[in-house]
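Undergrad: Quick one: structure below, then a few questions.
Rule-based calculations on the coordinates, nothing more; no lab input. The structure displayed is predicted, hence computed values, not measured ones.
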Amino acid sequence: MTSIMERIAEAEAKADAILEEANRTARERITQARNDAEAALAAADAEEREKTARALVRAREEGEKIAEEVTQKAKAETDALHAKAAERVAEAVASLMERIEAGV
C-alpha cells in the first residue's frame with residue numbers, strides 16, 4: 001500500500017506534468033496565432049495594394065478622359081474665336097477699303 005506522501009508526490013508530479021503540457025500548448029497556440037496574424041496582415045496588405053493599383057488605373061483613365069474633354073472644349077472655343085476674328089478682320093478690311101475709297 002502506498003503512503004499518503006507517495007500519493008501526494010504522484011499528484012504533484014501529475015500536476016507539474018499537466019502544467020508543463022498546458023504551458024507548451026499555450027506557447028504553441030501563441031506562436032500559431034502570431035503566424036496566423038502575420039499571414040492575415042500580409043494578405044490584407046497585398047489586397048490593399050491591389051485595390052490601390054486598380055484605383056490608380058481608374059483615376060488615371062478618368063483623368064485622361066477629363067483632359068480630353070477639356071482639350072476638345074478648348075479647341076472648339078479656340079476655333080469659334082478664330083472664326084469670329086476672321087469675320088472681324090474681314091469687316092475691318094472692308095471698312096478700311098471704304099475709307100480709302102471715300103478718301104480718294
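Undergrad: What shape does segment 7-53 have by the C-alpha gyration tensor, where a ≥ b ≥ c are the square roots of the eigenvalues, rounded means a/c under 1.5, and otherwise prolate means a/b greater than b/c and oblate the rest?
TA: Because a/c hits 1.5 or more and a/b exceeds b/c, segment 7-53 counts as prolate.
Undergrad: Here's another thing I want to ask about it. Using only the alpha-carbon atoms, how far is helix 4-103 inclined from the longest principal axis of the chain? Give it as 0 to 90 degrees, nearest 10.
TA: 0
Undergrad: If you don't mind, another one. If I build a Gaussian network model for the chain, linking alpha-carbon pairs within less than 10 angstrom, which residue out of Ile18, Ile66, Ile30 has the largest mean-square fluctuation?
TA: Top of the fluctuation ranking is Ile18.
Undergrad: Among (i) 23, 17, 12; (ii) 98, 9, 5; (iii) 22, 20, 15, find the value of semi-axes √(5λ) of the Cα gyration tensor in Å that was calculated from the structure presented, and write down its label.
TA: Matching the structure shown: (ii).
Undergrad: What does the helix-only formula give at 222 nm for the chain: each DSSP H stretch with n ≥ 4 adding -39500 (n - 2.57), the total divided by the residues, and the result rounded to the nearest 500 deg cm²/dmol?
TA: The per-residue figure over the chain is -37000 deg cm²/dmol.
Undergrad: So if each residue of separation counts as 0.36 nm, and I subtract the Cα-Cα distance between Gln32 and Glu68, what length gain in nm does that give?
TA: Gain in length upon complete extension: 7.6 nm.
Undergrad: Let me ask something else. Picking from Glu12, Glu61, Glu50, which is most flexible by a Gaussian network model of the chain using Cα springs under 10 Å?
TA: Of Glu12, Glu61, Glu50, the most mobile in the Gaussian network model is Glu12.
Undergrad: Name the most mobile residue of Ala37, Ala92, Ala80, meaning the one with the largest mean-square fluctuation, in a Gaussian network model of the chain with Cα contacts below 10 Å.
TA: Ala92
Undergrad: Separate question: Subtracting the Cα-Cα distance from 0.36 nm times the residue separation, let me have the gained length for Asp16 to Ala83 in nm, one decimal.
TA: Between Asp16 and Ala83, full extension yields 14.3 nm more.
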